[in-house]
Amino acid sequence: MATVDVINGDSISTLHSDIIQTQILTRLDGPTLASTATTSSYLQTLCTEERLWQELSIATWPAINDPRVVRAISSFPSGYRSFFADSYPFTEHTWQSEKHDPPTGLISAVDLYYRGEIIYSKVQEMETEKGKSGWFLSSPFRVDILDPKESVQTRIRYPGGDYEAWVKDMEESMKLNWILIDPIKKRAANISSRKAVSARRNWLTGDLEIRFSTIVTAAGAEVAAVVSCGSAEAWKEVDEEVGGEIHVRDVRLQVEDIEGKCMKGRDSLVILQGLLEGKRSCKDNEERRAKERYEEYVRMKIQWRENKERKEKAQDTICMIFGFSLFVLLWSFILLR
């Protein structure tokens with residue numbers, strides 16, 4: 001959305017409010033609109049119009065134009081303005097060492113883009129209440145947006161040939177917004193990195209998995225939104241020589257620990273709550289920093305794995321020495337009797 005220079009508050013007050021709202025303010029993006037509201041009391045009144053923020057929010061995240069989300073946003077302190085202020089910036093996790101009750105009734109609003117064009121949108125509620133689905137809290141956390149046999153037809157094609165070049169192009173071309181909404185606490189957050197932080201082939205399924213991750217360093221965890229793309233024929237892998245049409249086969253959210261294992265529902269929800277309540281940042285380089293944090297986290301995982309292997313090797317060596325010493329001692333006792 002375009003930005004425009006704002007006229008001085010005194011001179012702009014001579015214009016009719018309808019002209020300002022329909023011809024000027026509708027051309028502003030969210031941060032510029034918020035800044036414009038601080039220039040004068042007159043503009044503040046016009047810039048806080050609910051319809052203005054509603055249209056801006058829906059244009060930014062089409063999936064939220066859903067009755068369930070509309071109902072949730074209507075309960076926010078300032079409606080769509082509060083929702084936008086929560087969802088537009090990047091969120092930084094606020095880690096609490098003490099245990100909290102996990103949030104309930106969370107709503108996911110997902111928008112997937114390819115080269116700036118939306119290719120998939122969906123809203124899904126999480127059944128996290130203890131009475132309805134207690135298994136959710138004790139099982140590995142995973143939110144699947146697509147049904148098991150569902151796939152999304154796209155205009156994406158793999159031309160064949162240089163597979164690695166195509167993977168890099170897919171990583172740069174895909175964008176994901178995953179808005180998490182807590183209707184009870186009236187908070188929302190975009191928990192996706194927006195741009196992909198990695199893209200690699202799953203050698204088990206043959207699909208290309210593209211990650212949009214938020215790293216929670218203090219908890220040693222990765223909140224990963226994963227998009228899997230594969231051949232239009234579910235039973236067939238992409239032919240690297242011939243190429244072919246690409247479908248989206250899976251869109252999921254999971255929270256992984258430093259070992260790469262999916263964390264349980266309760267712990268995952270507490271981490272997500274930390275993102276909902278965390279600090280917000282609107283710096284220009286946040287997308288790049290998100291990828292840098294992911295790459296640093298990957299290096300930390302590798303180092304952690306190497307340290308673990310060294311410890312296990314040392315423990316095995318000690319056990320072998322102890323066992324051998326015990327064996328020698330036993331035979332010495334038998335022979336010297």
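Bear in mind these aren't lab numbers, they're just calculated from the coordinates by the rules spelled out. Note that this is a predicted model, so its numbers are computed, not measured. All Cβ positions, even for glycine, are placed from backbone atoms using ideal geometry, and neighbour counts span all protein chains on display.
Once the Cα-Cα distance is subtracted from the 0.36 nm per residue extended length, the residue 23 to residue 326 segment shows a gain of 100.3 nm.
Just the projected area, averaged over all directions, of the convex hull on the alpha carbon atoms of the chain: how many nm²?
Numbers: hull surface 100.8 nm².
With every direction weighted equally, the projected area is 25.2 nm².
Both radii come from the Cα set of region 19-161: Rg as radius of gyration, Rh as Kirkwood radius; their ratio Rg/Rh reads 1.05. Across region 185-190, computed HN-Hα scalar couplings (Karplus, 6.51 cos²θ - 1.76 cosθ + 1.60, θ = phi - 60°) run 8, 6, 10, 8, 7, 8 Hz from first to last residue, x flagging Gly and Pro. Across region 297-305, computed HN-Hα scalar couplings (Karplus, 6.51 cos²θ - 1.76 cosθ + 1.60, θ = phi - 60°) run 5, 4, 5, 5, 5, 5, 5, 4, 5 Hz from first to last residue, x flagging Gly and Pro.
Determine, for each peptide in 37-48, 215-226, the mean count of other beta carbons within 10 angstrom over its residues, then list the peptides with the highest first. Write out the running numbers ahead of the final one.
Numbers: 37-48: 15.7, 215-226: 20.7.
Highest-to-lowest ranking by the protection proxy: 215-226, 37-48.
Per-residue ellipticity at 222 nm for the chain, helices alone: DSSP H runs ≥ 4 residues times -39500 (n - 2.57), over residue total, nearest 500 deg cm²/dmol?
Details: 11 runs with 125 residues, N = 337.
Counting only the DSSP helices, I get -11500 deg cm²/dmol.
Comparing 265, 161, 244, which has the greatest mean-square fluctuation in the GNM of the chain with Cα pairs linked when under 10 Å apart? Per the Cα network of the chain with a 10 Å cutoff, 161 tops the list.
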